[in-house]
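Undergrad: Before we start, here is the structure in question, set down as structure tokens.
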Amino acid sequence: MNTESTSTTLSPGLPQPYQRGGTLLLVEDSRLTADYVRLLFRGAGGRLRRADCLRSARRHMSLYTPDAAIVDLGLPDGSGLDLIAEMARRRPRTGLIVATSGDPESEEEAFLAGADRFLPKPFGTGAQFTQMLAPVFFGLRGANVQNPAPTQAALRDDLYLALDLLNGPGARPAYAGQFIAQLACMTGDFALERAVQTGERAQIAALLRNRLRALPLI
């Protein structure tokens, strides 16, 4: 499906978002990805709110309707597809609903659930990202955005979380595999990606520990 040709219709009952700043709700369990979005969103003239699970996202939605939402499809307490369907039915509707996933085969499901756009991981250039959000956030129109480098602290947090999900107390192997695969995808770590595909937990854990050792001490 051609995501570039997908139209974005803003809810007619809402005032133009740039007149009041606008709010982007990011539903994302990875701090690394959230940090990347935060850096790209600087200068947008709006507010960024983050939820790391469905429960937290629904709490946000009970208080306000965001002007735009970016929803990861793989979340710790369920599928982002369910949240997208809820957002699409809600009145007033979120003006722009973007689904994101490291699995390109989930694109069709995302559109069927009600998403306006699909953003594959790893994300494209910063210019492509901001162009997608520019109809909602006036500050991003014509912005010259460079690809930001997320902080090492964000990467460290994700690596520790991946190890806990894999082997820590209350380990969750199925969700861990999904989370680590997306982490490998976002960082271009092909060795880690191959290890996830083969399902070698010991090798995955060793690679995660090696990545942590390679990070400079704070």
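The values are calculated or read from the model by the stated rules, or taken from the named source; none is laboratory data. Note that the structure is predicted; figures quoted are calculated from it, not measured. Here Cβ is always computed from backbone atoms with ideal geometry, including for glycine, and neighbour counts include all displayed protein chains. Keep in mind that these areas ignore ligands, DNA and RNA; they rest on the heavy atoms of the full protein, side chains included. Shrake-Rupley method; radii C 1.70, N 1.55, O 1.52, S 1.80 Å.
Undergrad: Add -39500 (n - 2.57) for each DSSP H run of 4 or more in the chain, then divide by its residues: what number comes out at 222 nm, to the nearest 500 deg cm²/dmol?
TA: -14000 deg cm²/dmol
Undergrad: Give me the log10 of I(q) over I(0) for segment 19-147 at q = 0.10, 0.21 Å⁻¹, as the Debye formula computes it from C-alpha points; what are the numbers?
TA: -0.27, -1.31
Undergrad: While we're here: With +1 on the Cβ of every Lys and Arg and -1 on the Cβ of every Asp and Glu, and nothing else charged, how large is the dipole of the chain about its Cα centre, in debye rounded to the nearest 20?
TA: Approximately 820 debye in magnitude.
Undergrad: Charges only on Cβ, +1 for Lys and Arg, -1 for Asp and Glu: so what's the dipole of segment 95-218 about the Cα centre, in debye to the nearest 20?
TA: 500 debye
Undergrad: Hey, what angle do you get for helix 201-214 against the long axis of the chain, alpha-carbon based, 0 to 90 degrees rounded to 10?
TA: Orientation of helix 201-214: about 80 degrees from the principal axis.
Undergrad: Could you point to the residue in 94, 139, 128 farthest towards the positive end of segment 14-164's charge dipole, with +1 and -1 charges on the Cβ of Lys/Arg and Asp/Glu respectively?
TA: Checking the options against the dipole of segment 14-164, the answer is 139.
Undergrad: For the chain, would you read off the P(r) tail past 24 Å as a percentage of all alpha carbon pairs?
TA: 43 percent
Undergrad: Name the shape class, rounded, prolate or oblate, that the alpha-carbon gyration tensor gives for segment 142-218, where a ≥ b ≥ c are the square roots of its eigenvalues, rounded holds for a/c under 1.5, and otherwise prolate holds if a/b is larger than b/c and oblate otherwise.
TA: Verdict is prolate for segment 142-218.
Undergrad: Still on this structure, I have one more. Anyone know which of 195, 115, 69 comes out most mobile in the 10 Å Cα GNM of the chain?
TA: Highest fluctuation of the listed residues: 195.
Undergrad: Percent of alpha carbon pairs in segment 80-150 separated by more than 13 Å?
TA: I get 67 percent for the Cα pairs in segment 80-150 exceeding 13 Å.
Undergrad: Hey, another quick one. Could you order 187, 33 by accessible surface area, starting with the largest, using a probe radius of 1.4 Å?
TA: So the residues, ranked largest to smallest area, are 187, 33.
Undergrad: On to the next question. Can you give the relative contact order of the chain as a percent, counting alpha carbon pairs under 8 Å and 6+ residues apart?
TA: Relative contact order here is 20 percent.
Undergrad: While we're on this one: Which residue fluctuates most in the GNM of the chain (Cα springs below 10 Å): 95, 124, 114?
TA: Of 95, 124, 114, the Gaussian network model singles out 124 as fluctuating most.
Undergrad: Hand me the trypsin sites (Lys or Arg not before Pro) from segment 85-128 located in a DSSP loop with no more than 14 other Cβ atoms within 10 Å, in residue order please.
TA: Loop-located and lightly packed - 90.
Undergrad: Now, a different point. To the nearest 10 degrees, how steep is helix 54-63 against the longest Cα principal axis of the chain, on a 0 to 90 scale?
TA: 20 degrees
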